[in-house]
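Dropping the structure in here first, questions after.
The values are calculated or read from the model by the stated rules, or taken from the named source; none is laboratory data. Please read all numbers here as calculations on a predicted model, not as lab measurements. Reconstructed Cβ throughout: ideal geometry from the backbone, glycine too, with neighbour counts over all protein chains shown. Just the protein is used for accessible areas: all its heavy atoms, side chains included, with ligands, DNA and RNA removed. Shrake-Rupley method; radii C 1.70, N 1.55, O 1.52, S 1.80 Å.
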Amino acid sequence: VSPALDWADSDCFQISAISDEITKYDANINQISRLHSSLLNNVESGNANNQQLDNLVEDMRVTSSAIANRIKTLQRRPMPAKSAGQRKQQLEFVNKKFRDSLQRYQAEEKLYREKYKERMARQFRIGEHCMHRRFTNFRL
């Protein structure tokens, strides 16, 4: 077996492994979305879900950095001309898949922040209304 073929096989393996990591990353985005919904809809589940969410967010940070580094490493690696086209195409595919996942994660985080702000504003208005009623009743 020629060294170029070994190198191409190694790159294919690496690209496949990166794709698998992106699939796991996407599954974690789904889990984060579920935790966000739970936190927004069920105040009592807060502490356990917050800890689970914090752990998952940290894992996402580490994973995204590792995936980005692996893609960059493969993009920088020289390749014999006859395998370069296929490898470039595969790398572009996983890079796009990863960028799409990052954008999806950012959109999920943004949506959660917006819903959380809405919830806090609603809670504030409810509290303000209750305080106003208590104060009005107290004065009477």
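Using a simple spin-label model with points 7 Å from Cα along the Cα→Cβ vector, what separation in nm is obtained for residue 81 and residue 56?
With each label placed 7 Å out from Cα toward Cβ, I get 5.0 nm.
A further question on this structure: If N is the number of residues in segment 15-81, what value comes out of its Cα radius of gyration divided by 2.2 N^0.38 Å?
1.50
For segment 6-105, with every protein chain kept in place, what is the accessible area per residue (1.4 Å probe, Å²)?
60
Along Cα→Cβ, 7 Å out, is where each label goes; now give me the distance between the ones at residue 117 and residue 9 in nm to one decimal.
Spacing of the two 7 Å Cα→Cβ label points: 5.4 nm.
Figure the gain on full extension for residue 63 and residue 41 (residue separation times 0.36 nm, minus the Cα-Cα span) and round it to one decimal in nm.
5.1 nm
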